[in-house]
Amino acid sequence: MSYPYVTDSLNTVLGTHWHLPIPTFGVMVAIAVATATYIATRLVRSYESLGRLPAQTHSTVWDMAIVSNSRRDYRRQSLRYL
């Protein structure tokens, strides 16, 4: 069975006859973006606590862009210790 709208799956489970045009694919994409943003924010915060990224970099994750001018410098420093 395919469920093009969220209400189609709810109607199957609950036995109702609602019709709200909320596409299932769009909902899944929104959930994926929210999950990726949450995971990226946690990762950036851990890098901030380690000193690999500047403070408050995690706020740029909400804009879906992590910007760090000193990224190459951190790589060079980490290579020196190898």
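Between LEU53 and GLU48, the built amide H atoms are under 5 Å apart, and every one of these is 5 or more places off in sequence or on another chain. Close amide H contacts of TYR5 (hydrogens built in the peptide plane, cut-off under 5 Å, sequence separation of 5 or more or a different chain): THR24.
In order along segment 51-58, phi translates into HN-Hα couplings of x, 7, 10, x, 4, 6, 5, 4 Hz, rounded to whole numbers, per the Karplus curve 6.51 cos²θ - 1.76 cosθ + 1.60 with θ = phi - 60° and x for Gly and Pro. Counting 0.36 nm for each residue step from LEU20 to THR60 and taking away their Cα separation leaves a gain of 11.0 nm.
Values in this text are rule-based calculations from the coordinates and carry no lab data. Predicted model only: the values in this text are computed from it and were never measured.
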